[in-house]
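Colleague: To start, I am sharing the structure in question, which I have written as structure tokens.
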Amino acid sequence: MNLEFSPEELAFREEVRAFIEENYPKHVSPDGLRDDLDPEDMVAWHKILGEKGWSVPAWPVEYGGTGWTPTQCYIWSEENARVNAIMPLPFGVSMVGPVIYSFGNDEQKAQHLPGIRSGDVWWCQGYSEPGAGSDLASLKTTAVRDGDHYVINGQKTWTTLAQHADWGFFLCRTDPDAAKPQQGISFILVDMKSPGIEVRPIKLIDGGYEVNETWLTDVRVPVENLVGQENMGWTYAKFLLAHERSGIAGVARSKRGVEQLRDIAKSEQMDGAPLMSDFDFARKVSQLEIDLSALEITELRTLAGEQAGKGPGPESSILKIKGTEIQQRLTELTLEAVGHYGTPFYPSVSDAGSNEYPVGPAYAEHSAASYFNMRKTSIYGGSNEIQRNIITKMILGL
């Protein structure tokens, strides 16, 4: 694989870099956590990209995609990661959007795709339940046909940012008597303002409010909100999860994180010398970089396959496993590097107008929060244990 950029690709990189420099919203801090942002700030860059026509670069051109080559998509990711840009939320762009344009009808495409592209419509995902996480096929939320509507009852959990959502995509059981649990599930689009929906916050240990419980009680949803065929939702759910797992890899972000880690380890001291000069710590950083380089090549191959018309398949499970393991090791090494500076927790330090100062250097401020938050990555999108089962069956044929 030739990783040297052509003159045309180098020119594209300069175009992208200049556009980001000129248009990225300056008031949106690139170094904070998403919890620090207002909802408007979370989608500010998305809306700017929507006006430019760059918000959904991986979509087919007929639905608003850019038609970029795999290398251009790679450059785009790299340049956004370089400035740590707050990218479009994945629920619309990377998850339900591809499901709608692949399996939805013309009316659903016309109704929902424009709002996803522009960033004007916020989506959330209704998959996991208290008793159905990695074993998603055991979900119990029901959708019972009543004339021209489905009546939905059940509970979803870990519904990320549902407190801001306009619409949600939900997996519901429409045939409780199906021979296999997977055969009785449907994929339904739900207006989150519908009567009977209650979103309850799940407060995280750091006081953040990122995830929710979502209760649905006699929620009436028009039948035309069913995507594809009734009881075929498991097929669409697997398609969506393949796209989600590919995006979870986060190679470009991890590359930037490694650069920051090296800078931190050059600044922090151990026995009077830079931490980076410690053989054991340097070895761990080098091994992380080697694994990240291997993952990058795998991601590029997957991206090239998608550009050739092949949807992400079981190889997305490889990206998900290795990508999340690298993210966890990266945040673990960063926390190790900042040492005792990562211990204090002063949530008010990040608040606008606060006159408090962090105990240590600025790069240590979010190190512990990032470390703990990244513990979830090996679980969401299908736990890594389940991904290994998929690889065993679909790739190794065991």
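The values are calculated or read from the model by the stated rules, or taken from the named source; none is laboratory data. Note that the coordinates shown come from a computational prediction; the quantities given were computed from them, not determined experimentally. Here the Cβ positions follow ideal geometry from the backbone for every residue, glycine too, while neighbour counts run over all protein chains shown. SASA here: full protein model, heavy atoms, side chains in, ligands and nucleic acids out. Shrake-Rupley method; radii C 1.70, N 1.55, O 1.52, S 1.80 Å.
Colleague: Which residue, chosen from Gly382, Val359, Ile326, occupies the Cα position most advanced towards the positive end of the dipole of the chain, where the dipole is computed from +1 (Lys, Arg) and -1 (Asp, Glu) charges on Cβ about the Cα centre?
Modeller: With unit charges placed on the Cβ atoms, the residue in question is Gly382.
Colleague: Moving on to the next point. If one takes the longest principal axis of the Cα atoms in the chain, at what angle in degrees, from 0 to 90 and to the nearest 10, does the Cα axis of helix 279-307 lie?
Modeller: The answer is roughly 40 degrees.
Colleague: Which residue, Ser77, Leu113, Ser134, has the largest displacement toward the positive end of the dipole of region 1-149 when charges sit on each Cβ (Lys, Arg +1; Asp, Glu -1)?
Modeller: Ser134
Colleague: Let's test the formula: R0 of 25 Å, r as the Cβ-Cβ distance of Lys47 and Glu107. What FRET efficiency results, to the nearest 0.05?
Modeller: Calculated transfer efficiency: 0.50.
Colleague: From the residues Gly339, Pro25, Leu189, which one has its Cα farthest along the dipole of the chain in the positive direction, the dipole being from +1 and -1 charges on Cβ of Lys/Arg and Asp/Glu about the Cα centre?
Modeller: Leu189
Colleague: Would you mind computing, in nm to one decimal, how far apart the modelled labels at Ser194 and Asp218 are, each placed 7 Å from Cα along Cα→Cβ?
Modeller: With each label placed 7 Å out from Cα toward Cβ, I get 1.5 nm.
Colleague: Still on this structure: Take every DSSP beta bridge whose two residues both sit in the chain, then give the antiparallel share in percent to the nearest 5.
Modeller: Expressed as a percentage, antiparallel bridges in the chain total about 85.
Colleague: Further question: Per the 1.4 Å probe, what fraction of the accessible area of region 156-221, in percent, lies on carbon and sulfur atoms?
Modeller: On region 156-221, the fraction of accessible area on carbon and sulfur atoms equals 52 percent.
Colleague: Shifting gears a bit: For Phe5 and Lys180 in one chain, what is 0.36 nm times their gap in residues minus the Cα-Cα distance, to one decimal in nm?
Modeller: Value of the extension gain: 58.1 nm.
Colleague: At 222 nm, what helix-only mean residue ellipticity would the chain give, in deg cm²/dmol to the nearest 500, using -39500 (n - 2.57) for each DSSP H run of four or more?
Modeller: Theoretical 222 nm ellipticity from helices: -13000 deg cm²/dmol.
Colleague: If packing is taken as the average number of other Cβ atoms within 10 Å across a peptide's residues, how do 336-342, 280-286 rank, most packed first?
Modeller: Top of the packing list down: 336-342, 280-286.
Colleague: To continue, here is another question. Please compute the per residue accessible area over the chain with all protein chains in place, 1.4 Å probe, rounded to a whole number of Å².
Modeller: 49
Colleague: Quick one: putting +1 on the C-beta of Lys and Arg, -1 on the C-beta of Asp and Glu, what dipole do you get for region 19-151 around its Cα centre, in Debye to the nearest 20?
Modeller: For region 19-151, the charge dipole is close to 260 debye.
Colleague: If packing is taken as the mean number of other Cβ atoms within 10 Å per residue, what is the order of 364-375, 387-398, highest first?
Modeller: 364-375, 387-398
Colleague: Helix 70-82 versus the longest principal axis of the chain: what is the Cα-based angle in degrees, 0 to 90, to the nearest 10?
Modeller: 60
Colleague: Another one. Strictly over 26 Å apart at the Cα level, which of Lys109/Lys238; Lys203/Lys393; Lys156/Lys322; Lys238/Lys393 would you flag in this model?
Modeller: Check vs 26 Å cut-off fails for Lys203/Lys393; Lys156/Lys322.
Colleague: Using a simple charge model, +1 on the beta-carbon of Lys and Arg, -1 on the beta-carbon of Asp and Glu, nothing else, what dipole does the chain show about its Cα centre, in debye to the nearest 20?
Modeller: Using Cβ point charges on Lys, Arg, Asp and Glu, the chain gives about 980 debye.
Colleague: Highest mean first, how do 232-241, 199-208 rank when packing is the count of other Cβ atoms within 10 Å averaged over residues?
Modeller: The packing order, highest mean first, is 232-241, 199-208.
Colleague: Suppose each label sits 7 Å from its Cα in the direction of the beta carbon; what would the Phe279-Leu37 distance come out to in nanometres?
Modeller: 4.4
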